[in-house]
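Encoded as C-alpha cells, the structure appears first; notes follow it.
No value in this document is a laboratory result; all are computed from the given coordinates. What you see is a predicted model; the values in this text were computed from it and never measured. Quick reminder, even Gly has a Cβ in these numbers, built from the backbone with ideal geometry, and neighbours come from all protein chains shown.
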Amino acid sequence: MSSLASTLIFIFGLVALGYLFGRAKLLGPRVGDALTEFVVTVALPLLLFRTLVEADFSGMRPWLFWVSYFCAVLISWIAGQFIVSRVFGRDSRAAVVGGVAASFSNLVLLGLPLVIGVYGQAGVEVLSLLIMVHLPIMIAATIVLFARLDTAPGASSPGTIALQFFRIFLSNPLIIGILAGIFWRLTGWPIPGLARPIVDALASVAGPVALFAVGLGLVQFGIKGAIGPALALAPLKLVVMPTVVLGLALLFDLPPLIAKIAVIGAAMPTGVNPYLIATRFGTGQALASNVMTLTTAAGALTAAFWLVVVEAVFG
C-alpha cells in the first residue's frame with residue numbers, strides 16, 4: 001500500500017472511529033466538546049507556536065500564495081452566497097452563512113494532520129503561513145458583512161466593527177499561539193530546554209486527537225433540516241475552490257510544495273467555524289451543520305483525488 005493511501009486511511013480512519021464511538025454512544029457529546037476544547041486551546045496552539053518559532057521561511061513567496069488562495073475563497077464565497085439567496089430564496093443573513101460555509105476550509109483540525117502525514121514538517125511550515133492569516137481574514141469579512149445587514153443604530157460603524165473583530169480575534173487560542181510564536185521568533189531565542197519536552201508532547205497529540213474529535217463532532221452536528229442548499233454548496237468547497245487555486249498556482253508559477261499546500265488547503269472540508277459564526281449571529285445553523293457534515297463525509301475521496309492531482313501536476 002502506498003504511503004499516500006496509508007496516510008489517508010489513518011487520517012479519515014480516526015475521523016470514522018470518532019464518529020462510530022459517538023454513534024454507538026460509547027462517548028457522549030461532552031467528551032467530543034472536551035477533546036475539541038483541549039486540542040484548540042492547548043495542543044494546536046503549541047504546535048503552531050513551535051512551528052512558527054523554528055520554521056525556515058527563506059525563499060517562500062507568501063503574497064502570491066495568499067493571493068492564489070483568497071481569490072478562490074472570494075469566488076466560492078460569492079457563489080455560495082448567491083446560491084443560497086437567489087436559488088433557495090433564503091434571507092441575506094443566511095446567505096452570508098452560505099458564503100462562509102462554501103469557502104471556510106478546516107485547515108487546522110483536518111488540514112494540519114493531513115499535511116503532517118503527507119508532507120512532513122516542511123509542509124506544516126507552509127500551511128502555517130496560511131493559517132496565520134486565514135482565520136483573521138475570514139472572521140473580519142464575516143463581521144463586516146453582518147454589520148452591513150444589521151439595522152441597529154451604530155451597528156455598522158467602523159468602531160463597532162473593529163471592536164467586534166478584536167474581541168473575537170484576541171480571545172481565540174489559535175491566534176494567541178500564532179502571535180506568541182511570531183513574538184518568540186522575533187526574539188531569536190530557542191524554546192527553553194525545560195519547556196521543550198512539554199511542548200513536544202502536547203503538540204504531538206494535536207493531530208490524532210483533533211481527528212478523533214472531528215468524528216465525534218459529526219454525530220453532534222449531523223444533518224439538520226433541508227439539505228438542498230448544502231448539497232449545492234459542497235461542490236463549491238470541494239471542487240470549485242481547489243480548482244481555482246490550482247489554476248492560479250500554475251499562473252503564478254508557485255514553487256511546487258507551496259502550490260500543493262495551497263490546493264490541498266482549499267480542498268479541505270468545511271470546518272466548524274461557519275457553524276459557530278451562524279450560532280453567533282443567530283441564523284443558518286442547520287445550513288452550516290449540513291455543509292460541514294457532507295463535505296467531511298466526502299472529504300476522504302476528494303482529498304485523495306486532489307493529492308493525486310497535485311502530485312501529477314507539480315511533481
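For this structure, a couple of remarks:
- Extension gain (nm, one decimal) between Arg167 and Ser92, 0.36 nm per residue minus Cα-Cα: 24.6 nm
- Comparing Leu112, Leu64, Leu52 in a Gaussian network model of the chain, where Cα atoms under 10 Å apart are tied by springs, the biggest mean-square fluctuation is seen for Leu64.
- Computed from the alpha carbon atoms alone, the convex hull of the stretch 3-314 holds 134 Å³ per residue.
- Test item: Cα-centred dipole of the chain, Lys/Arg +1 and Asp/Glu -1 on Cβ, debye: 620
- Equivalent ellipsoid dimensions for the stretch 126-261 as semi-axes, Å, which come from the Cα gyration tensor, largest first: 30, 25, 21
- Cα radius of gyration and Dmax for the stretch 233-315 (Å): 14.3, 45
- Computed from backbone phi, the HN-Hα couplings of the stretch 172-177 come to 8, x, 5, 5, 4, x Hz, rounded to whole numbers (Karplus: 6.51 cos²θ - 1.76 cosθ + 1.60, θ = phi - 60°; Gly and Pro given as x).
- Rg/Rg_globular for the stretch 83-128, with Rg_globular taken as 2.2 N^0.38 Å and Rg from C-alpha atoms: 1.70
- A Förster radius of 25 Å combined with the Cβ-Cβ distance from Arg148 to Trp66 puts the calculated FRET efficiency at roughly 0.55.
- Residue order, fewest to most surrounding Cβ atoms within 10 angstrom, among Phe314, Phe146: Phe314, Phe146
- Sorted by Cβ density within 10 Å, fewest first, the residues Arg93, Arg23, Arg50: Arg23, Arg93, Arg50
- For the pair the stretch 1-37 / the stretch 240-303, the C-alpha centres are spaced 19 Å from each other.
- Counting beta carbons within 10 Å around each of Thr279, Thr187, Thr36, Thr142 and listing the fewest first gives the order Thr187, Thr279, Thr36, Thr142.
- Paired Rg and Dmax values of the stretch 1-149, which use every Cα atom, in angstrom: 18.1, 52
- Ellipsoid equivalent to the stretch 1-45 - semi-axes via the Cα gyration tensor, in Å: 24, 17, 4
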